[in-house]
1. Which fully enclosed helices (runs of 4 or more DSSP H) of the stretch 292-396 have 3 or more residues being within 16 Å of the ligand (Cβ to nearest atom)?
2. Just checking, how many residues over the stretch 142-166 are within 11 Å of the ligand (Cβ to nearest atom) and either out of contact with any Phe, Trp or Tyr (no Cβ under 9 Å at 6 or more places or on another chain) or outside the structural domain of residue 205 (by TED's automatic domain parsing) (or both)?
3. Taking the stretch 225-246 on its own, how many of its residues are touching a Gly at 6+ places or on another chain (Cβ under 9 Å), more than 14 Å from the ligand (Cβ to nearest atom) and modelled with pLDDT of 95 or more?
4. Filter the stretch 38-60 down to the residues that are more than 11 Å from the ligand (Cβ to nearest atom) and β-branched (Val, Ile, Thr), then identify the one that is surrounded by the fewest Cβ atoms within 10 Å (Cβ to Cβ).
5. Suppose we filter 22, 33 for residues that are open to solvent by 40 Å² or more (accessible area, probe 1.4 Å), assigned by TED's automatic domain parsing to the domain that holds residue 134 and of a type in the set (A, V, I, L, M, F, W, C); which single one remains?
6. Just to verify a result, which residue in the stretch 113-132, among those that are open to solvent by 10 Å² or more (accessible area, probe 1.4 Å) and in contact with a strand residue (DSSP E or B) (Cβ under 8 Å, 6 or more places away or on another chain), is farthest from the ligand (Cβ to nearest atom)?
7. Residue by residue through the stretch 248-266, note down the ones that are under 25 Å from the mean Cα position of the chain (by Cα), under 14 Å from residue 279 (Cα atoms) and open to solvent by 50 Å² or more (accessible area, probe 1.4 Å).
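The values are calculated or read from the model by the stated rules, or taken from the named source; none is laboratory data. Nothing here was measured: the structure is a model prediction, and the numbers come from that model. Counting neighbours? That spans all protein chains shown, and the Cβs are built from the backbone with ideal geometry, glycine included. All accessible areas refer to the heavy atoms of the entire protein, side chains included, with ligands and DNA or RNA removed. Shrake-Rupley method; radii C 1.70, N 1.55, O 1.52, S 1.80 Å.
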Amino acid sequence: MTEPQTAAAQATTLLRTLTDAAAEGAWSAPGRANLIGEHTDYNEGFVLPFAIQHRTHVAAARRADGVVRVVSTFDPIPVEVRLDDLPTLFDRPDHGIPEWAAYPLGVAWAAIAAAGAAPGALTGLDLAFASDVAIGAGLSSSAAIEGATASALDDLWMLGLTPLALAQVGRRAENEAVGAPTGIMDQVASMLGRPDAATFLDCRTLETQSVDLGFDAAGLRLLVIDTGVSHSHATGGYRERRASCEFGAAALGVPALRDLTIDDLPRAEALLDDVTFRRVRHIVTENDRVLDTVQILRERGPLAIGGLLVASHASMRDDFEISVPELDTAVEAALRAGALGARMTGGGFGGAAIALVPDALRDAVADAAVQAFADRGYAAPHVFTVTPSRGAGRDA
Ligand code: GLA
């Protein structure tokens, strides 16, 4: 039996099939799991995500004809655009670019703008993508394709953009080319990840600090329980939650919910309708939990953060109302089986939960989640371990 190809090898093979040329280089960027700090990014608050070991890979070769062509293992039909057309490609909503290709081409479009590059000074490219980041699991396959593309273009076009600027390019692509109104967390996590560490990001100042996680040393594993329930940020509740937060901030007279503290909550409760108040309370308490988690990780290590993860989940379930029964089931089953903490991760309305689990209980927790899903008649979840890993970069 032949070994299945890795995603990196698949990207290189796909490029060769497309162009008959060998790759001139290979880049990759990881998906992410968010340890804590949900929906706080677009409220200019705090987040603590980490890059995972699953990555999106891109193999690239130059072309002499001023065309940028992208192809992926998900859709074998290449999409091509003339370099000259790139700067205005996403100016109109009817651009006709297939959704997956709007990620890499949106990054090319935003990178050219960010670097102030003239298309005439750039070379045409073939870019072939393959990924082992689960799609729709809330692990940000989108930031992975954006980060891989941004890294490759920065090198191949010698744009000289910093990792943070490349994260902003990725976010602009996602917001304006793809049309998903997300914050900056995922792109920063994917660009700046470090092994065994999370990225503590202040989403207002964009200052980052690497925070050691020390899971291995503490004998812990971080399990992902992917519910298989699909979510969509572009439609659905994400946009609505954003609007509620903006409404709450305006009603309370602050630029962003980041500017409120726990002491402001009684005033918020008196002024706001019940739903908006609970949305606001989630953001205010979640920002606090991120700061507490960072402090506890630094002072006492990861064995002591479980309670904060549990409180975060309760706040998303009851106040922000972005959980679904499958996510609650996963969290409850994991806790009953001995997880120190568990919470849904990502935008919500489906996707995955994470559970912080002592090594010896890994299988017991995974089995408990599978059993709890079976008992309720849900399709089996996909359970796997994620490892805090390095961020985007060149591999070959
Ligand atoms: C999605 C978005 C992020 C963030 C999370 C919720 O992953 O892409 O910007 O808002 O949801 O924390």
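1. Details: elements: 306-318, 325-336, 362-375.
So the answer is 306-318.
2. Residues of the stretch 142-166 within 11 Å of the ligand (Cβ to nearest atom): 142-143, 146.
In the following step, the residues that additionally are either out of contact with any Phe, Trp or Tyr (no Cβ under 9 Å at 6 or more places or on another chain) or outside the structural domain of residue 205 (by TED's automatic domain parsing) (or both) were identified as 143.
Counting residues in the stretch 142-166 that are within 11 Å of the ligand (Cβ to nearest atom) and either out of contact with any Phe, Trp or Tyr (no Cβ under 9 Å at 6 or more places or on another chain) or outside the structural domain of residue 205 (by TED's automatic domain parsing) (or both) gives 1.
3. Residues that pass the stated criteria total 2.
4. The residue in question is 52.
5. On the way: 33 fails: open to solvent by 40 Å² or more (accessible area, probe 1.4 Å).
Checking each option against the conditions leaves just 22.
6. If we filter the stretch 113-132 for residues that are open to solvent by 10 Å² or more (accessible area, probe 1.4 Å), which is where we start, we get 113-123, 131-132.
Add one more test, that the residue is in contact with a strand residue (DSSP E or B) (Cβ under 8 Å, 6 or more places away or on another chain), and what stays is 123, 131-132.
Numbers: 123: 31, 131: 17, 132: 19 Å.
Taking the candidates together, the pick is 123.
7. 258
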